[in-house]
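The values are calculated or read from the model by the stated rules, or taken from the named source; none is laboratory data. Because the structure is predicted, anything quoted here is derived from the model rather than measured. Don't worry about glycine lacking a Cβ; one is built from the backbone with ideal geometry, like all the others, and counts go over all protein chains shown. Heads up: the accessible areas ignore ligands, DNA and RNA and are worked out on the full protein's heavy atoms, side chains in. Shrake-Rupley method; radii C 1.70, N 1.55, O 1.52, S 1.80 Å.
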Amino acid sequence: MADTVTALILAAGKGTRMHSNRPKVLQTLLGEPMLEYVYRALEPAFGERIFTVVGFGAEQVESAFPERASNFVLQKEQLGTGHALQEAWESVQKTGAGYCLVINGDTPLATTEAVERLAAQAGRADVAFMTITPQDPASFGRVVRDDSGRILAIVEAKDYDHATHGPVTGEVNAGVYLLRMDSVGQLLDGLRAENNSGEYYITDLVAMAVEQGMTVEGVTCGADVNLMGINSPRELIDAEKTLRRRIVDGLIDEGVMIHNPDTVIIGPRVTVEPGAELFGHVEIYGESVVRAGSVLNSYTWITDSSFAPGCVVRQFCHVEQAEVGPDCVVGPYARLRPGAVLRKGAKVGNFVEMKKAELGEGAKASHLTYLGDAVVGAGSNIGAGTITCNYDGKNKFITTIGEGAFIGSNTALVAPVTVGRDALVGAGSTITKDVPDEGTAIGRAKQLNLKRRMKKS
């Protein structure tokens, strides 16, 4: 089936009702552009045989999906879905496919099963499309049938006339089509913009095919709102709710313990293994990986990070592009920025921030510390208020702390600097020179006590 079908995504529209300068297909759900969801639905069936028509904000779409840009087709003027198909037809023809499956880029709820169901019509119809009967047909094109149930046309809602087309049945066009290349190629030049929008509609191909005696089929999908496109912020929010619930329920069924699941948000590219435990109000995005046996507590925001078995992330943490190793403890109120790495058994406590820094096995920074551009050896203890001063206004420098070192509270380590293995740095020090292995460093100003005379009243 898939070897004879090429997919085409229509993603050129602005989406005026979104009130945004971004193309509609780049509006996000669970941290991912809606176009990403369409690609994910199509890939299992079509692999690399997916073309995308871009137009408004084409540069933004290409920037978001650079790996797919070679299969982009530019629609310079957005003159409707039929015009988009005309612009892409030559590119699709070059694939040698017998059929083209066309889907709108604003359908993030579409599933692989749905598109495969339509693609299975290859060899049976010249034009096939999916229909649905939602409670609210909104602005979707109305499906017109004769008394015998034979499809006659799809008429856009704003062009529908009861006297001409008959009473509304509630059946509408889902916007997913399967077109036989040889047949539809004969019809494309006949599309006309004779409607209230002044656009070329892909839906007009249905009536044209009927007039030419071609086989037209409607694949009915009931009230499956997953196939409906998104045209407004409210519709996007509703779709995001559906996606969130779909992901969370799927993980629970696979064996992930999720407490208060109605408040858990997990992106589509996140991996959570059975045996992991999540608590409500956790948000996890990007390509994060949560291994079995790890625990993520409430009010924590995570993206593109990994969590090894046995680790615990306490409440109110922010974790971005970080690696948390086995049996580590993070938080509460910790921030791990890009490049933060915690080795086995390391601990980061409250109000500790790490950026491009590694905390060695069993090392700990329990509170009120900044570790930036630093390597901390195994078993070291970083006292409260320690700061690695890594930036001189122009360049970033590295701080290296050896295994078993003890850094006293309220210490400033001015990089580039190295504190040796098992070294001790006294509290309140400013360290600007290297400290040798097993050495002790104190960098304080001399304390001066002054006599204080009490004034007589």
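Observations
- One chain, two ends: residue 21 and residue 366. Fully extended at 0.36 nm per residue, the span grows by 119.8 nm beyond their Cα-Cα distance.
- Per-residue ellipticity at 222 nm, computed for the chain from helices alone with -39500 (n - 2.57) per DSSP H run of at least four residues, works out to -5000 deg cm²/dmol.
- For the chain, the relative contact order is 8 percent, taking Cα pairs closer than 8 Å that sit 6 or more residues apart in sequence and dividing their mean separation by the residue count.
- Mean sequence separation of contacting Cα pairs (under 8 Å, at least six apart), scaled by the length of region 278-355, corresponds to a relative contact order of 22 percent.
- Charge dipole (debye, nearest 20) of region 357-457; +1 at Cβ of Lys and Arg, -1 at Cβ of Asp and Glu: 1300
- Pairs of alpha carbons in region 332-391 whose separation is greater than 17 Å (percent): 23
- Cross-link partners for residue 433 among the lysines, with Cα-Cα distance under 25 Å and sequence neighbours closer than 8 places in the same chain left out: 355, 356, 364, 394, 396, 446.
- Ordering of 227-237, 436-446 by burial proxy (mean other Cβ atoms within 10 Å per residue, highest first): 227-237, 436-446
- Taking 7 Å steps out from each Cα toward its Cβ at residue 234 and residue 195 produces label points 2.4 nm apart.
- Computed over region 293-372, the ratio Rg/Rh where both radii use C-alpha atoms and Rh is Kirkwood: 0.90
- Stokes-Einstein diffusion for region 35-156, with the hydrodynamic radius set to the Kirkwood value over Cα pairs and evaluated at 37 °C in a medium of 0.692 mPa s, equals 202 µm²/s.
- Between region 135-199 and region 208-268, the Cα center-to-center distance that results, in Å: 23
- Put simply, the convex hull of the Cα atoms in region 361-417 casts, on average, a shadow of 3.4 nm².
- Long-range HN-HN contacts of residue 153 with modeled amide H, under 5 Å: 144
- Taking the inverse of the mean reciprocal distance over all distinct Cα pairs, the Kirkwood hydrodynamic radius of region 121-180 comes to 12.2 Å.
- Note that region 349-366 has calculated 3J(HN,Hα) couplings of x, 5, 6, 10, 10, 10, 9, 6, 9, 10, 10, x, 4, x, 6, 8, 10, 7 Hz, one per residue in order, obtained from phi through the Karplus relation 6.51 cos²θ - 1.76 cosθ + 1.60 (θ = phi - 60°); glycine and proline are x.
- Theoretical gain in end-to-end length, residue 434 to residue 398 [0.36 nm per residue, Cα-Cα removed]: 11.8 nm
- Of the beta bridges in the chain, as assigned by DSSP with both residues counted there, near 20 percent are antiparallel.
- Per-residue 3J(HN,Hα) values for region 29-46, derived from phi via the Karplus relation 6.51 cos²θ - 1.76 cosθ + 1.60 with θ = phi - 60°, read 10, 6, x, 10, x, 4, 4, 4, 5, 5, 4, 5, 6, 7, 3, x, 8, 10 Hz in sequence order (x marks Gly and Pro).
- Taking only Cα atoms of region 171-252, radius of gyration then Dmax in Å: 17.3, 52
- In terms of Cα atoms, the Rg and Dmax of region 320-438 work out to 12.6, 37 Å.
- Cα-based equivalent ellipsoid of region 243-299: semi-axis lengths in Å, sorted from largest, via gyration tensor: 13, 12, 12
- Residue 391 contributes about 130 Å² of solvent-accessible surface, heavy atoms of the protein only, 1.4 Å probe.
- Contour excess over end-to-end distance, with Cα ends at residue 449 and residue 412 and 0.36 nm allotted per residue: 10.9 nm
- Computed from point charges on the beta carbon alone (+1 for Lys and Arg, -1 for Asp and Glu), the dipole magnitude for region 173-289 about its Cα centre is near 100 Debye.
- With all pairs of separate Cα atoms included, region 55-111 yields a Kirkwood hydrodynamic radius of 12.8 Å.
- Integer Hz, Karplus 6.51/-1.76/1.60 couplings in order for region 95-108, x for Gly and Pro: 6, x, 5, x, 9, 10, 8, 10, 9, 6, x, 9, 10, x
- Amide H contacts under 5 Å for residue 217, placed H, 5+ residues apart: 127, 128, 129
- Taking label points 7 Å from Cα along the Cα-to-Cβ direction, residue 262 and residue 283 give a separation of 1.9 nm.
- Within the straight-line cut-off of under 24 Å between alpha carbons, the lysines reachable from residue 14 are 24, 76, 158, 241, sequence neighbours fewer than 8 places apart in one chain being disregarded.
- When the alpha carbon coordinates of region 84-191 are projected onto the principal axes, the ranges are 42, 32, 26 Å, largest first.
- Residues whose placed amide H lies under 5 Å from that of residue 428, excluding near-sequence neighbours: 409, 410, 411
- Convex hull of alpha carbon positions in the chain: directionally averaged projected area 32.5 nm².
- Label-point separation, residue 14 to residue 136 (7 Å along Cα→Cβ), nm: 2.5
- Selection from 236, 50, 417 lying farthest towards where the dipole of the chain points positive, charges on Cβ: 417
- Cα-centred dipole magnitude for region 14-143, charges only on beta-carbon of K, R (+1) and D, E (-1), debye, nearest 20: 260
- Just so you know, the averaged projected area of the alpha carbon convex hull for region 202-311 sits at 9.6 nm².
- A dipole drawn for the chain from +1 and -1 charges on Cβ atoms has a positive end, and of 334, 389, 143 the residue lying farthest that way is 389.
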